[in-house]
1. Tell me whether region 93-109 contains one or more residues that are part of a loop (DSSP other than H, G, I, E, B), farther than 27 Å from residue 52 by Cα and either at pLDDT 85 or above or out of contact with any helix residue (DSSP H, G or I) (no Cβ under 9 Å at 6 or more places or on another chain) (or both).
2. Looking only at residues that are within 12 Å of the chain's Cα centre (by Cα) and not in a loop (DSSP other than H, G, I, E, B) in region 71-87, which one is farthest from residue 58 (Cα to Cα)?
3. Across region 42-70, what is the total count of residues that are part of a loop (DSSP other than H, G, I, E, B) and buried (at least 20 other Cβ atoms within 10 Å of the Cβ)?
4. Within region 117-167, which residues are in contact with a strand residue (DSSP E or B) (Cβ under 9 Å, 6 or more places away or on another chain), part of a helix (DSSP H, G or I) and modelled with pLDDT under 90?
5. Mind counting the residues in region 11-23 that are farther than 18 Å from residue 62 by Cβ and either at pLDDT 95 or above or not in a loop (DSSP other than H, G, I, E, B) (or both)?
6. Among the residues of region 27-40, is there at least one that is assigned to a helix (DSSP H, G or I), surrounded by fewer than 16 Cβ atoms within 10 Å (Cβ to Cβ) and at pLDDT below 95?
7. Within region 154-167, is even one residue within 26 Å of residue 58 (Cα to Cα) and exposed (fewer than 14 other Cβ atoms within 10 Å of the Cβ)?
């Protein structure tokens, strides 16, 4: 993920919603939530806010030409996704906002998120194949399964591949 963030930051700002204060992101400065309206979409920042809904609600009004990483989305995105997150998934292109939602299991990704994603970065998870039923609705489930099987068999725990979903 760090390589992706650094690559994206060459062209636009990156804002990481870091709910768990991950070690990997500590290299980036913190931004206070109250300063979000003043952010000029440059640099890489991590932000903490105890109210996820308020943070997601603030993105459309304050974030343009940037990438927003919603780290560990499993903790706050479920099948009944917030209206503001649904709006972001649909309308983000008009604001030139890229969204990256990090889930640590494929079986918990809400169908509404899958329907609107362009790419899935496939890494090793504890998911058994029988629990990947929600991915059958992808436009290319066979391709996803081939990639998933390759990744799961790979010797490295950090090996990843990208699947385009044609969303």
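The values are calculated or read from the model by the stated rules, or taken from the named source; none is laboratory data. Computed from a predicted model, the values in this text were never measured in an experiment. Neighbour counts run over all protein chains shown; Cβ positions are idealised from the backbone, glycine included.
1. Quick first cut of region 93-109, residues part of a loop (DSSP other than H, G, I, E, B) only: 96, 102-105, 109.
After this cut, where a residue has to be farther than 27 Å from residue 52 by Cα as well, the list is none.
No - not one qualifying residue is present in region 93-109.
2. 74
3. Here is the first cut: in region 42-70, the residues part of a loop (DSSP other than H, G, I, E, B) are 42-43, 48-51, 63-65.
When the remaining residues are screened for being buried (at least 20 other Cβ atoms within 10 Å of the Cβ), the result is 63.
Residues that pass the stated criteria total 1.
4. 135
5. Let us first name the residues in region 11-23 that are farther than 18 Å from residue 62 by Cβ, namely 11, 19-23.
Then drop every residue that is not either at pLDDT 95 or above or not in a loop (DSSP other than H, G, I, E, B) (or both), which leaves 23.
Final tally of qualifying residues: 1.
6. No, the conditions are met nowhere in region 27-40.
7. As a first pass, look at region 154-167 and keep what is within 26 Å of residue 58 (Cα to Cα): 167.
Checking the rest, the ones that are also exposed (fewer than 14 other Cβ atoms within 10 Å of the Cβ) come to 167.
Within region 154-167 (the criterion being within 26 Å of residue 58 (Cα to Cα) and exposed (fewer than 14 other Cβ atoms within 10 Å of the Cβ)), the answer is yes, since at least one residue qualifies.
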